[in-house]
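Novice: I'd like to ask some things about the structure below.
The values are calculated or read from the model by the stated rules, or taken from the named source; none is laboratory data. Everything numeric here is computed off the predicted structure, so don't read it as measured data. Neighbour counts run over all protein chains shown; Cβ positions are idealised from the backbone, glycine included. What goes into the accessible areas is simple: the full protein's heavy atoms, side chains included, and nothing from ligands, DNA or RNA. Shrake-Rupley method; radii C 1.70, N 1.55, O 1.52, S 1.80 Å.
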Amino acid sequence: MTSPIDDLQTVRDYLRYASTQFAASPLFFGHGTDNVWDEAVHLVMRSLNLPLENNTLFLDARLTRDERAMILDRIERRVNERVPLAYLLGEAWFMGMPFHVDERVLVPRSPIGELLENGLQPWLGDIEVNRLLDLCTGSGCIGIGAAMVFEDAKVDLSDISEDALAVAESNIDLHDVRNRVRTVRSDVFENITGRYDVILSNPPYVDAEDLADMPDEYQHEPELGLAAGTDGLDIAHRILAKAADHLTEEGLLIVEVGNSWVALDQAYPDLPFTWLEFENGGDGVFLLRAEDLRAWQARG
Ligand SMILES: C[S@@+](CC[C@H](N)C(=O)[O-])C[C@H]1O[C@@H](n2cnc3c(N)ncnc32)[C@H](O)[C@@H]1O
């Protein structure tokens, strides 16, 4: 028996079919691409291990039977189960680099990547980065991205979730940085020792109301990576309480709190948060200097 699907033969056919299926579905794009076409290109090309650019040579190439079955299955799961594309591919891109991902970790998308691409300038100035902590690391994307920027720094990736740390470990190997980057299992700062020149964190920060309203795609992400109490600040409060003890004299603390930034700003009227701006989208990321945190703590 033949099916209309049998008419699909070439890479071009599958790009067209995926686009049509995606356009007819109420998909949410929040995990890497932001439109139907890019989603289709990523799904088809990366499923075939083909490049995302300079790939026109392959458009009229025919797919094998197995490749066709795999791509059709992925299109169907994207549409019917609303699985984020990164989980279907087992891969996400962050700071122009690939990272292994699966449903044990959030799909990387933090705007902290843009700060790292700018070498944390102008904020860092001439502070030397010898030790850096990526707190609540998930896949390890922020800390490993930082290790690529600060080539001599020793980087700790910490998370409370053993599952997440297993994914971070695989990314340490993927990027061949085991000589400088390690994982530490820790509930916020509980098992963290010593001081860091820079602490970066994208902790869970979704408040209860936003969590209830999230599109279906987010149901595939670990709730431990998203939920942070009624106002989304459970982890942020714990970071602020202890960060000064883990920063060097001139250290920097940079934390993403997304939509919960308003509640955080109101909760700490005496803390001089710098709310950072981004060219490529994103907000709710603050910077504090160790000296500001210490002065605030001294005021009691
Ligand atoms: C928003 S995800 C961020 C992952 C990664 N940094 C990124 O940007 O893709 C938050 C991470 O915090 C971890 N987490 C949740 N509660 C924690 C806690 N109490 N201590 C340490 N990590 C925690 C979760 O397991 C999750 O991996």
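Novice: Sort through ALA18, ALA23 and tell me the only one that's free of Cβ contacts under 8 Å to residues at least 40 places away in the same chain, surrounded by 11 or more Cβ atoms within 10 Å (Cβ to Cβ), over 19 Å from PHE99 (Cβ atoms) and among the small types (Gly, Ala, Ser).
Specialist: ALA23
Novice: Now for a different question. Among the residues of segment 75-86, write down those that are at negative phi, open to solvent by less than 50 Å² (accessible area, probe 1.4 Å) and not β-branched (Val, Ile, Thr).
Specialist: If the condition is that a residue be at negative phi, open to solvent by less than 50 Å² (accessible area, probe 1.4 Å) and not β-branched (Val, Ile, Thr), then ARG78, PRO84, LEU85, ALA86 are the ones that fit.
Novice: Restricting to segment 212-236, and then to whatever is within 15 Å of TYR268 (Cα to Cα) and within 9 Å of the ligand (Cβ to nearest atom), can you tell me which residue is surrounded by the most Cβ atoms within 10 Å (Cβ to Cβ)?
Specialist: Within segment 212-236, the match that is surrounded by the most Cβ atoms within 10 Å (Cβ to Cβ) is ILE235.
Novice: Also, I was wondering about something else. Scan segment 237-259 residue by residue and report those that are over 20 Å from GLU291 (Cβ atoms), in a helix (DSSP H, G or I) and within 12 Å of the ligand (Cβ to nearest atom).
Specialist: HIS237, ARG238, GLY258, listed by residue number.
Novice: Taking into account only those residues within segment 87-115 that are out of contact with any Cys (no Cβ under 6 Å at 6 or more places or on another chain) and free of Cβ contacts under 8 Å to residues at least 60 places away in the same chain, which is most open to solvent (accessible area, probe 1.4 Å)?
Specialist: GLY96
Novice: Under 18 Å from ARG238 (Cβ atoms) and either touching a residue at least 60 places away in the same chain (Cβ under 8 Å) or open to solvent by 50 Å² or more (accessible area, probe 1.4 Å) (or both): is that true of ARG289 in this structure?
Specialist: no
Novice: Here's a follow-up. Across segment 132-159, what is the total count of residues that are over 16 Å from LEU174 (Cβ atoms), near the ligand (Cβ under 7 Å from one of its atoms) and open to solvent by less than 10 Å² (accessible area, probe 1.4 Å)?
Specialist: 2
Novice: Being open to solvent by less than 80 Å² (accessible area, probe 1.4 Å) and more than 22 Å from GLU103 (Cα to Cα) is the requirement here; does ARG68 meet it?
Specialist: When the stated conditions are applied, ARG68 passes them.
Novice: Within segment 116-129, is even one residue modelled with pLDDT of 95 or more and either assigned by TED's automatic domain parsing to the domain that holds GLY30 or within 12 Å of the ligand (Cβ to nearest atom) (or both)?
Specialist: Scanning segment 116-129 turns up at least one residue that is modelled with pLDDT of 95 or more and either assigned by TED's automatic domain parsing to the domain that holds GLY30 or within 12 Å of the ligand (Cβ to nearest atom) (or both).
Novice: Would you check which residues across segment 172-187 are within 24 Å of LEU253 (Cβ to Cβ) and more than 12 Å from the ligand (Cβ to nearest atom) and list them?
Specialist: Hits for segment 172-187 are ILE172, VAL177, ARG180, VAL181, ARG182.
Novice: A further question on this structure: Take ASP265 and tell me if it is charged (D, E, K, R), touching a Lys or Arg at 6+ places or on another chain (Cβ under 6 Å) and surrounded by fewer than 17 Cβ atoms within 10 Å (Cβ to Cβ).
Specialist: no
Novice: Have a look at GLU169, GLU190, GLU209 and point out the one that is within 14 Å of the ligand (Cβ to nearest atom) and open to solvent by 80 Å² or more (accessible area, probe 1.4 Å).
Specialist: From the options GLU169, GLU190, GLU209, the qualifying one is GLU190.
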